[in-house]
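Read the figures in this text as sums done on the coordinates, not as results from a lab. A quick note: this is a predicted structure, and the numbers were derived from the prediction, not measured. Note that each Cβ is placed from the backbone with ideal geometry, even for glycine, and that neighbours are counted across all protein chains shown.
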């Protein structure tokens with residue numbers, strides 16, 4: 001057995017990517033699987049964006065770009081932040097990376113070190129914990145109760161802060177719960193955070209996929225936090241561009257400059273053609289975004305109705321954003337499958353895949369083992385068929 005770096009050796013595969021990879025593998029083998037695991041829109045990238053990529057290729061934009069991204073793209077991102085969030089950033093305060101995931105990982109690697117603590121409200125996206133651990137820092141998981149809509153409360157935040165706390169990661173709308181912080185909730189958190197100098201990192205990747213009004217921005221509500229705040233975002237969800245791999249981080253110049261140095265050594269620039277496409281995504285007309293969100297809204301309503309009819313599934317909170325439902329399956333834990341008790345969400349997801357041929361993601365790696373995540377980034381007919389299958393499979397539990 002080869003000896004690996006200790007942090008890499010301890011690294012677990014992404015639960016969401018593993019679930020989707022397993023569904024893809026079964027489909028390739030001829031198995032009729034419906035995937036409710038995917039964390040990507042099932043829509044095609046808008047034609048105007050694809051045409052911008054074709055034009056870039058025709059014009060020879062096929063060489064290295066500045067490590068931190070094309071100036072034209074960083075200017076478009078600055079304009080987007082002003083237009084959508086009411087925030088002022090200069091291009092020097094923005095770095096473009098190969099996806100929002102790389103932007104997040106690079107920033108975390110630059111800002112935190114051994115002995116530092118980073119607060120992560122849970123349920124949380126599976127990669128945040130791994131990113132913090134790879135930086136050598138310690139993730140401090142703060143459970144957010146279902147009765148509080150999975151939102152971090154000011155009192156829980158205050159209790160989690162210690163002399164070693166160096167950062168916090170907030171995600172709204174949330175993956176995996178679909179929860180959205182309202183203005184009053186953000187104001188209450190800001191009152192606690194402004195008393196500190198910890199890095200406040202906000203993941204805005206689902207910002208436009210909201211069903212009940214807009215998702216307010218923490219740094220607009222309290223501009224003082226922007227001085228020690230970081231924004232993560234990408235074109236992946238808003239413009240159905242997951243495979244193009246373009247994301248960005250925005251923050252204080254010194255932090256962004258550190259990321260550019262790191263990125264210059266570990267990857268260089270994001271794909272030049274994809275950067276041209278992303279420039280069009282941000283700078284061009286935004287009509288298709290509203291159309292996509294309207295369809296997700298209809299699917300959300302369908303999913304809520306069908307989940308609440310499944311025996312043993314509980315979904316008291318209607319997801320307000322993103323494209324996930326996160327039902328509580330505690331009532332099913334302890335039921336038996338193949339003579340063995342279903343102990344957690346991961347095991348239930350294995351049961352659903354094998355018996356219903358529907359792929360979902362167990363809640364364990366989100367920090368919530370009594371839950372499962374269902375993505376509705378698929379057609380309404382697929383959703384109807386998937387819930388029919390799951391309902392029939394649950395009848396087989398002992």
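Summary table
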{"quantity": "Separation of alpha-carbon centers, segment 48-113 and segment 356-384, rounded to whole Å", "calculated": "31"}
{"quantity": "Order by protection proxy (mean Cβ within 10 Å, highest first), peptides 47-55, 266-274", "calculated": "266-274, 47-55"}
{"quantity": "Cα shape, segment 119-179, gyration tensor, a/c 1.5 rule", "calculated": "oblate"}
{"quantity": "Segment 133-204-segment 233-262 distance, computed between alpha-carbon centres (Å)", "calculated": "21"}
{"quantity": "Potential lengthening between residue 331 and residue 79 on full extension [0.36 nm per residue; Cα-Cα distance subtracted]", "calculated": "85.9 nm"}
{"quantity": "Residue 61/residue 21 FRET efficiency (R0 41 Å; Cβ-Cβ; nearest 0.05)", "calculated": "0.80"}
{"quantity": "Angle between the chain longest axis and helix 345-356 axis [Cα atoms, degrees, rounded to 10]", "calculated": "60"}
{"quantity": "Ascending count of other beta-carbon atoms within 10 Å, so fewest first, for 330, 104, 234, 155", "calculated": "155, 330, 104, 234"}
{"quantity": "Semi-axes of the equivalent ellipsoid for segment 62-283, Cα gyration tensor, largest first, Å", "calculated": "27, 20, 16"}
{"quantity": "Cβ-based exposure ranking for 208, 297, in which fewest neighbours within 10 Å come first", "calculated": "297, 208"}
{"quantity": "Distance in nm between pseudo-label sites at residue 147 and residue 395 (7 Å out along the Cβ direction from Cα)", "calculated": "3.6"}
{"quantity": "On Cα atoms only, tilt of 253-266 relative to the major axis of the chain in degrees", "calculated": "70"}
{"quantity": "Cα gyration tensor shape of segment 58-122, rounded if a/c is under 1.5, else prolate or oblate by comparing a/b with b/c", "calculated": "oblate"}
{"quantity": "Euclidean distance of C-alpha centroids, segment 308-350 and segment 1-21, integer Å", "calculated": "25"}
{"quantity": "Between helix 100-111 and the chain: long-axis angle, C-alpha atoms, 0 to 90°, nearest 10", "calculated": "60"}
{"quantity": "Distance in nm between pseudo-label sites at residue 92 and residue 266 (7 Å out along the Cβ direction from Cα)", "calculated": "2.5"}
{"quantity": "Extension gain from residue 43 to residue 8, taking 0.36 nm per residue of separation minus the Cα-Cα distance", "calculated": "9.2 nm"}
{"quantity": "Two-site FRET efficiency, residue 254 against residue 158, from Cβ-Cβ distance with R₀ of 35 Å, rounded to 0.05", "calculated": "0.80"}
{"quantity": "Structure-based [θ]222 nm, the chain - -39500 (n - 2.57) summed over DSSP H runs of at least 4, per residue, nearest 500", "calculated": "-12500 deg cm²/dmol"}
{"quantity": "GNM top mover of 351, 219, 43 - the chain, alpha-carbon springs below 10 Å", "calculated": "43"}
{"quantity": "Taking 64, 239 and counting other C-beta atoms within 10 Å, the order from fewest to most", "calculated": "64, 239"}
{"quantity": "Fraction of antiparallel bridges per DSSP, the chain only, in percent to nearest 5", "calculated": "45"}
{"quantity": "Beta bridges per DSSP with both ends in segment 62-283, % antiparallel, nearest 5", "calculated": "30"}
